[in-house]
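A.B. asks: Mind having a look at this structure? Questions to follow.
The values are calculated or read from the model by the stated rules, or taken from the named source; none is laboratory data. These numbers come from a predicted model, not from an experiment. Glycine also receives a Cβ, built like all others from the backbone with ideal geometry; neighbour counts cover every protein chain displayed.
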Amino acid sequence: MRGFLGFIVMIQGVMGFIGQVFFDHAWGLLPHWFDLPSVAYAGLFAAGAALAVWGDLDKKRKDKQRGETGAGAL
């Protein structure tokens with residue numbers, strides 16, 4: 001779930017940043033509710049990327065633990 005939410009936050013951050021820097025207004029859902037500067041959208045992208053990586057690493061860790069604690073483990 002963290003990976004999915006991180007991906008959504010990354011998309012919102014990229015769309016807001018690109019829209020404000022290269023076009024006249026930010027894109028995505030967040031500009032409908034908040035007026036954020038470009039740096040905040042870059043920060044949202046970074047936070048989303050960190051959340052997605054954290055979710056992926058946690059998933060891999062859990063899969064590894066399940067493999068080590070199976071019926072044949074010593």
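A.B. asks: State yes or no: is residue 54 among the aromatic types (Phe, Trp, Tyr) and assigned to a loop (DSSP other than H, G, I, E, B)?
C.D. replies: Values: among the aromatic types (Phe, Trp, Tyr): yes; assigned to a loop (DSSP other than H, G, I, E, B): no.
The answer is no for residue 54.
A.B. asks: For region 9-33, what are the residues that are modelled with pLDDT under 90, in a helix (DSSP H, G or I) and in contact with a Gly (Cβ under 9 Å, 6 or more places away or on another chain)?
C.D. replies: Within region 9-33, 30, 31 meet the criteria.
A.B. asks: Here is a follow-up. Among the residues of region 34-43, is any part of a helix (DSSP H, G or I), among the charged types (D, E, K, R) and out of contact with any Gly (no Cβ under 6 Å at 6 or more places or on another chain)?
C.D. replies: Of the residues in region 34-43, the ones part of a helix (DSSP H, G or I) are 38-43.
Now drop any that are not among the charged types (D, E, K, R), which leaves none.
No, the conditions are met nowhere in region 34-43.
A.B. asks: Here is a list: 44, 74, 36. Which entry is under 21 Å from residue 3 (Cβ atoms) and either modelled with pLDDT of 85 or more or over 18 Å from the mean Cα position of the chain (by Cα) (or both)? If you could, list the steps in order and put the result at the bottom.
C.D. replies: Working: 74 fails: under 21 Å from residue 3 (Cβ atoms); 36 fails: under 21 Å from residue 3 (Cβ atoms).
When all the criteria are applied, what remains is 44.
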